[in-house]
Structures are given as structure tokens and as C-alpha cells.
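What follows is a single structure, written as C-alpha cells, with notes after it.
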Amino acid sequence: MNKKILTLSLICILTVLFVPLTLAGGPSEIITVWTEKPEYSAGQTGKLYIAYNNIRDDNVTIRNITVVFKEWWAYDEIKHAWVGNLTYEPLENEKTIAEQNTRVFEISFTVPSDGRARKTDVEIRVYTNLPTPDAPSEQPTIYVVETPIYMERIITFFTILVVLLIVCTIIIAATMFLSAQRPQVMWREAEKEE
């Protein structure tokens, strides 16, 4: 009887130990998104990385990836088009992702240099050969560093100081050069008239 209890308890313990190993098959998230840097400044170009993890048992064909920067989305009067969104179409050799494989797509973006340059949530949709598009479970956010308003005045002030320093140095150097070139005065005794 003791052997049966010992054997049964060993089977239970081994089952409890192996269950986490069977569940640890890798990430279950289909889409993971990150940026190359934690924050950007206005007018700067950045990269958005989108990892598509095909956890299905069939191949998936990527048709396109739509990215919408929610706070940057606006109608541009000059271009007569909506800006703040982009559509990425992968190359032919990047379109098909085999089962249980992952592919990372790199998408470049530019932070606006106008009043829209602020933190934004990014909406991502990956359109595949399946009827519904895939999206990350959590929308990524791009953070934009705002320079203080008085910073432009400080930069202008230091620029003026550097220019004045250069001008003063040139004036001092010219004065020293000209004073060294002046002929020396020779005092002669006045000739006496006889």
C-alpha cells in the first residue's frame, strides 16, 4: 500500500513540475511593438519596430500594416492630404510568415515640427489573408520632449556672446599687430645754428 501511495504522489509531483514547461511555449502575443528610443524631439526621425508572431498552425500572408499616430493626424492644407498616418507594404520575400515563426518590420516615422509635436498613441493594424486584422493588445505611445519656451532665448543670448567674443579678440589682435608695426621715434639733438 505504501508503494502505491509513494508512486501516486511521485506522479502527482512530476505532473505539477511538467505542466509549466508545456505551457511555456513562448510569447502568446501576436503583435509586439516598440520604438528605438524612449522619447523624441520635434522634427526628429524615428523607427517603429513591429514584431508579428505567427502562433497559428498555418502560414500567414501580410498584405499591409497601417499605422495611425492619433495626436499627429490632421489635414495638411499645403499637400491637400491627411498626414499622421502611413501604410507599410512589405516586400515580396517578407509577406509570408511560416507557422510558429516571427518577423520584425521596421517602419520609419518623423515627429511633426509644428504644433502637433506632442505625445501620441499609435494605432496599428496588420492586415493579413485572414478576415480580421490583427492589432497589439496594448497601443504603444511615442513620447515627445518639449523644449521650454525660454530655451530659444538662451541659445540666442549665447550665440550673441560668442560673436562678441570673436569680434573683441580680432580687435585686440589687430591693435597689437598695428602697434608692433609702428616705426620707433628717434630723438636727435637739435642742430645748433651758428
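Structure values in brief
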item	result
Residue selected from region 46-67 under the condition among the polar types (S, T, N, Q) and either outside the structural domain of Ser137 (by TED's automatic domain parsing) or outside any loop (DSSP other than H, G, I, E, B) (or both), by the criterion surrounded by the most Cβ atoms within 10 Å (Cβ to Cβ)	Asn53
Selection within region 52-73 - of a type in the set (A, V, I, L, M) and within 12 Å of Asn129 (Cα to Cα)	Val60, Ile62
Phe157 vs. criteria at pLDDT 90 or above and in contact with a strand residue (DSSP E or B) (Cβ under 7 Å, 6 or more places away or on another chain)	no
Selected residue (criterion: surrounded by the most Cβ atoms within 10 Å (Cβ to Cβ)) from residues of region 104-142 that are farther than 13 Å from Gly84 by Cα and hydroxyl-bearing (Ser, Thr, Tyr)	Thr128
Among the residues listed as Thr22, Thr87, Thr120, Thr96, the single one being among the polar types (S, T, N, Q), modelled with pLDDT under 90 and touching a helix residue (DSSP H, G or I) at 6+ places or on another chain (Cβ under 6 Å)	Thr120
Strands (runs of 3 or more DSSP E) wholly inside region 68-171 containing at least 1 residues that are under 30 Å from Asp58 (Cβ atoms) and either in contact (Cβ under 8 Å) with a residue 24 or more places away in the chain or not assigned by TED's automatic domain parsing to the domain that holds Ile50 (or both)	85-88, 102-110, 120-128
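The values are calculated or read from the model by the stated rules, or taken from the named source; none is laboratory data. Note that the structure is a prediction, hence the values are computed from the model and not measured. Cβ atoms come from the backbone with ideal geometry, glycine included; neighbour counts cover every protein chain shown.
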